[in-house]
Every structure is written in C-alpha cells, then in structure tokens.
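Any read-out appearing in this document is the output of simple, stated calculations on the displayed coordinates, not a laboratory observation. The structure presented is a predicted model; accordingly, all values stated were derived computationally and were not measured. Glycine also receives a Cβ, built like all others from the backbone with ideal geometry; neighbour counts cover every protein chain displayed.
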C-alpha cells in the first residue's frame with residue numbers, strides 16, 4: 001500500500017512530477033503531470049492506475065494549484081477507460097486539460113461515445129504510447145494528438161505508423177526523446193511536439209494536503225452507491241470534514257466551474273455543484289484518501305469550532321442563515337495551520353464572500369468576527385477575553401458551556417477520530 005510522507009505536524013506531503021512538452025521551436029507547449037509518492041523521481045508500479053490519476057488530479061488542480069505547475073500551459077493527464085466513461089475529465093478546465101487515453105484502453109462503444117462528448121465540450125484528446133491497431137480507428141477520428149513512444153518501437157515501425165495516422169487530423173508527439181539525433185529524426189518525420197530527457201527530466205513539485213478521515217470517506221462512498229442518494233445527507237457528511245470542505249470550495253472557485261457567485265455557506269456551495277457533478281467529484285476525491293491514516297487533532301478542533309460557532313449563532317438575534325456563516329468560518333479558521341500557508345494566500349482560491357474573508361483574516365468589525373474570537377478564547381480557557389466577546393455579541397456567558405458541550409458531543413458522534 002502506498003505510504004504518503006508526512007511532516008511532524010501530521011499534514012501529508014503531496015507530490016506531482018511534471019515533464020515539459022516542447023513545440024518544434026523548443027518553446028513549451030504544456031506539461032505531462034505524473035504521479036509520484038515521494039521525492040524519488042520514479043513511478044511506483046504497484047500503485048493502481050485510477051488511484052495514481054486521482055492523486056495527480058487532486059494534488060495538481062486542488063492542492064498545489066495548476067498555475068504553479070503549468071503557468072497556464074496545457075496539462076496532460078492519463079485517464080483510464082473507466083474514468084473516461086464516467087466523464088471524470090469534465091470536472092477539470094477544458095482550456096488546459098489534455099485527456100491522455102492509455103495504450104491498453106479497451107475500445108468500446110461506451111468509451112468512444114464518452115470521448116466524442118469530451119471532444120464536443122472542447123477538450124483535447126491524446127492517444128498515449130500509440131501503436132496502430134484497426135480497432136483504434138474510432139479514437140483516431142476523435143483525437144487531436146497522437147503520442148509515440150519512440151523507444152518502444154523500431155524506426156521502421158515508427159515510420160510505418162506515422163504514415164498510417166497521417167490521413168487523420170492529428171498532431172504527432174514524440175515521447176522519450178533522449179538524444180539530439182532522435183530529436184532531428186523525429187523532427188524530419190513530421191512530429192509537432194517533443195517530450196523526453198533530451199529536453200528535461202521530470203521535476204517534482206511538492207505541496208501540502210489536509211488529511212481526511214477514512215471512515216468518513218467510506219460513509220460518503222457508501223451513500224454515493226445509491227442512485228437515488230440523499231443529496232442533503234451528502235451535504236451533511238461534507239460539512240463534517242474540513243478537508244472536503246476546503247477542496248469543494250477551491251474546486252467551485254476554479255476555472256472548471258467558472259462561477260462568480262460569492263459563497264456564504266456550505267449548503268450554498270453544495271447547491272452550486274449540482275447532484276451529477278457532486279457525485280463525480282466526490283468519487284474522485286474519495287479515492288485519493290482511502291489509504292490515509294486517522295485525522296489529526298487539528299481536524300477535530302476545526303469541526304468542533306465550527307459547531308460551537310454555529311451553536312452561538314443560533315442564540316443570537318441575526319438574520320436567517322447567519323448560523324451557517326458561523327459554521328463556515330469556524331470550519332475554515334485553521335486552514336493556515338493545516339496547510340502552513342498564510343490565510344491571505346489561501347482565501348482567494350475559495351471564492352468566499354468579503355464578510356467571511358475579513359472574519360478569517362481576523363479583522364472582526366462585526367458579529368461574525370466576534371463569534372469566531374469568542375470560540376478561540378473559550379477553547380483556550382481565556383475567560384476574560386471570552387466574556388468580553390460575549391458581551392459584544394451579545395450572549396450570556398452562562399450559555400457557552402451548553403454550546404461547547406453540544407460541539408464536543410456532535411464531533412464524537414461523527415466518529416472522525
């Protein structure tokens with residue numbers, strides 16, 4: 001089983017290798033994103049292909065950030081036939097995502113139909129490690145790129161297969177170009193794009209992720225198996241997990257969703273996804289975490305704080321929906337600690353309303369900010385500060401033990417530790 005590396009604070013280190021793909025003029029066209037389980041620059045062959053793809057997608061698009069990895073260039077990612085048929089690539093931005101169809105993919109009517117839909121939506125499709133077979137013709141008619149592993153075939157085989165795909169409207173990409181001579185030869189054969197150690201070895205980009213709860217994710221997966229699953233129940237399960245909440249907000253605010261709506265509650269975020277996209281997104285995200293260890297104490301504290309804030313919000317004379325905002329800021333208030341990044345760097349990725357952002361930046365000029373301050377003070381037993389915050393809200397300090405007990409009991413009932 002894959003073992004992810006962790007820092008002393010329990011936060012999981014994540015890795016993605018990238019190798020540039022060059023045009024004929026040696027300018028970068030894009031990058032292939034490759035799964036790595038650590039800083040050792042090789043692929044672990046024991047890892048399931050779908051798991052590796054899911055890790056690359058989640059780590060690249062949601063955690064490290066595609067801008068950091070590709071700077072707006074194309075991102076090439078391998079997808080199995082199962083992921084293609086489920087149209088998982090549609091979760092990611094069509095402007096940069098290149099869907100690589102693996103060489104051992106079974107060409108079926110379902111697969112061809114899914115690829116046609118992806119092509120119509122504007123995605124670029126590439127046939128990976130291509131060796132000509134008649135059954136691949138339907139894919140050749142859809143794909144825009146064909147990748148040849150020049151070390152997996154003789155020069156005669158390569159020339160023959162290049163001639164066979166010439167009638168189709170595809171660009172040719174030469175993989176594993178190791179020498180200047182190989183670059184010249186493939187250039188003369190009419191190749192348009194080039195990838196290999198002659199240009200650049202894959203380099204590894206490192207980031208940090210929030211660990212999740214295996215039990216929690218298994219509950220989500222179990223719920224998703226029912227075609228008529230309870231949408232509200234799924235939303236409730238997401239609300240119990242800071243890792244899922246963070247990823248959902250970051251995804252909704254990404255280029256893939258292209259939404260300009262400011263988010264004020266988790267329920268609103270879930271509604272923006274819609275049931276079909278939410279199912280796909282959750283299935284993909286769950287796969288990346290099933291091998292993870294139990295969550296750390298910071299995750300428990302995040303959820304406990306969220307519920308405490310929500311309980312306080314219920315007791316204040318505020319408009320409908322205020323308690324949901326309280327839950328949201330409590331849940332996200334430890335992201336900077338979990339990811340070891342300043343809160344100001346994290347917030348632009350989440351698309352939160354200005355009110356929530358100011359609160360998380362600890363600029364409490366309103367009731368929401370004082371609610372979060374109250375939660376932090378009460379947790380650490382700073383009674384003078386908590387009494388002062390309670391007066392500002394206002395809420396009777398004698399009500400706070402009930403709020404805290406409710407938060408602790410609810411966290412324990414979630415079984416996330």
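At what distance in nm do the modelled label points of residue 233 and residue 271 sit from each other, each positioned 7 Å from its Cα along Cα→Cβ?
Placing both labels 7 Å along Cα→Cβ, they lie 2.2 nm apart.
Pulled fully out, how much extra length does the chain show between residue 382 and residue 397, if you take 0.36 nm times their separation in residues and subtract their Cα-Cα distance?
Details: separation 15, 0.36 × 15 = 5.40 nm, distance 1.25 nm.
Full-extension gain reported as 4.2 nm.
What nm value, rounded to one decimal, do you get for the distance between residue 112 and residue 341 when each label is placed 7 Å out toward the C-beta?
In this crude spin-label approximation the distance works out to 4.3 nm.
To the nearest 0.05, what FRET efficiency results for residue 25 and residue 102 with a Förster distance of 30 Å applied to their C-beta separation? Could the numbers behind the result be given before it?
Values: r = 29 Å, r/R0 = 0.97.
Efficiency, from the Cβ-Cβ distance: 0.55.
Would you mind pulling out the separation of the Cα centroids of the range 77-110 and the range 300-334, in Å?
Centre-to-centre (Cα) distance: 40 Å.
With r defined as the distance between the Cβ atoms of residue 134 and residue 71 and R0 fixed at 35 Å, what FRET efficiency is calculated, to the nearest 0.05? Walk me through the intermediate numbers first.
On the way: r = 40 Å, r/R0 = 1.13.
With R0 = 35 Å, the Cβ-Cβ based efficiency is 0.30.
With labels modelled as points extended 7 Å from the Cα through the Cβ direction, what inter-label distance (nm, one decimal) is found for residue 144 paired with residue 405?
Result for the modelled spin labels: 6.2 nm.
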